[in-house]
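Okay, structure first, notes after.
Coordinate-derived values only; no laboratory data. Predicted model only: the values in this text are computed from it and were never measured. Cβ atoms come from the backbone with ideal geometry, glycine included; neighbour counts cover every protein chain shown.
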Amino acid sequence: MEDILIIGGGPAGYTAALYCARANLKTTLIEKMAPGGQMGTTDQIDNYPGFPEGINGFDLALQMQKGAERFGTQTIFADVKELDLQGSIKKAITSNGVVEAKAVILATGADPRELGLANERSLRGKGVSYCATCDGMFYRNKTVAIVGGGDTAAADAVYLAKIAKKVYLIHRRDTLRASKSYLKPLESAENVEFVWNSEVKEILAEQKVSSIRIFNRVDETESELAVDGLFVAVGNIPNTDLFKGQIELDKSGYSTADETTKTNIDGVYAIGDLRAKPLRQIVTAASDGAVAAYCAEEYVAQLDK
């Protein structure tokens, strides 16, 4: 019987594990593959405090794992098949057996929605990015393209226009779905060019992205744009299928847990990218982990009275 069971070994999960273990709670973390989540696939991280020269994402993930395990966290690498979050004892049925706990912290994250192009994944970190605020500084005075038409794509374009020499905003329709508040700064930015009614069909690269081939849906022509980077902003997919029907989710599949990280089930907390929130970064995920650990510690203490 664990005091705390954490599902997911990204920055949110391992921060929660660190705080729980330091509070002398018996803590187990289950991770499906390798520590880090999306962070672990990032080559260079420059916006996490304490690393003035930046740090490789997987290296940071290993340091977070070691920090939590130093205080007694047990890491289990397994696939969680089923979760039973009801009742005072929570259960996780995994590929390595059943784990029971008094409280559960969900940290399964979210995955960026991809364009589905042949070499898209292999070029991630080599010119293909899914986070402008994470990677934008690598493209100072360079040319970039953004794919999308919602608030994220528009916000990315506004942000990158302050950094890059040229920004192409590619959208498959002829108007943005983004909030009107983004339109004025986009239209006034001299280095932003809209590419309407278009889709990216191919990413051209050798070691890094060099250009993209786009298809115009109206006149059915193809053209090529020389770019140094491609930012994909067509949404994220929260990894919440495992507990759908148990905790409350919004229409996009994100947990509705607020800043307390408490879900609609006592003793169950949702943290990191799976939670509906305005900003998804390593530092906000870590913050969620600390808050959830604090709340879970209080919950377990009440159970043990």
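Relative protection proxy for 157-163, 252-258, 278-284, from highest mean packing down: 157-163, 252-258, 278-284 (other beta-carbon atoms within 10 angstrom).
All other residues whose Cβ lies under 15 angstrom from that of Thr256 are scored, Lys and Arg at +1 and Asp and Glu at -1, for a net of -1. Once you reduce region 135-210 and region 11-63 to the center of their Cα atoms, the two points are 30 Å from each other.
Extending 7 Å from the Cα toward the beta-carbon at both Gln302 and Glu100 defines two label points whose distance is 2.2 nm. With the highest mean first, a sort of the peptides 199-210, 45-56, 290-301, 102-113 on other beta-carbon atoms found within 10 angstrom per residue produces 102-113, 290-301, 199-210, 45-56. Put in order of Cβ neighbour count within 10 Å, fewest first, the listed residues Ser211, Ser181, Ser129 become Ser181, Ser211, Ser129. Applying a 4.7 Å Cβ-Cβ cutoff to the chain leaves Cys20, Cys295 as cysteine residues with no disulfide-compatible partner.
Considering only alpha-carbon pairs that sit under 8 angstrom and 6 or more positions apart, the relative contact order computed for the chain is 21 percent. Summing charges over neighbours of Val227, with a neighbour being any other residue whose Cβ is under 10 Å away from its Cβ, gives 0 when K and R count +1 and D and E count -1.
Pairs spanning more than 30 Å between alpha-carbon atoms, out of Lys102/Lys277; Lys26/Lys126; Lys26/Lys262; Lys81/Lys305; Lys91/Lys251; Lys142/Lys251: Lys26/Lys126; Lys81/Lys305; Lys142/Lys251.
What number comes out for the charge environment of Cys131, summing +1 per Lys or Arg and -1 per Asp or Glu over other residues with Cβ under 13 Å away? Once positives and negatives cancel, what remains is -3. Expressed in units of 2.2 N^0.38 Å, where N is the residue count, the Cα radius of gyration of region 84-153 is 1.77. Residues whose amide H lies under 5 Å from that of Ile45, counting only those 5 or more places away or on a different chain, are Ile55, Asn56, Gly57; hydrogens are built 1.01 Å from N in the peptide plane. Within region 130-244, DSSP assigns beta bridges of which about 50% are antiparallel (rounded to the nearest 5).
Excluding residues fewer than 8 places away in the same chain, name every one of the aspartates and glutamates whose C-alpha is closer than 18 Å to that of Lys244. Lys244 reaches Asp79, Glu82, Asp84, Asp111, Asp258, Asp266, Asp273.
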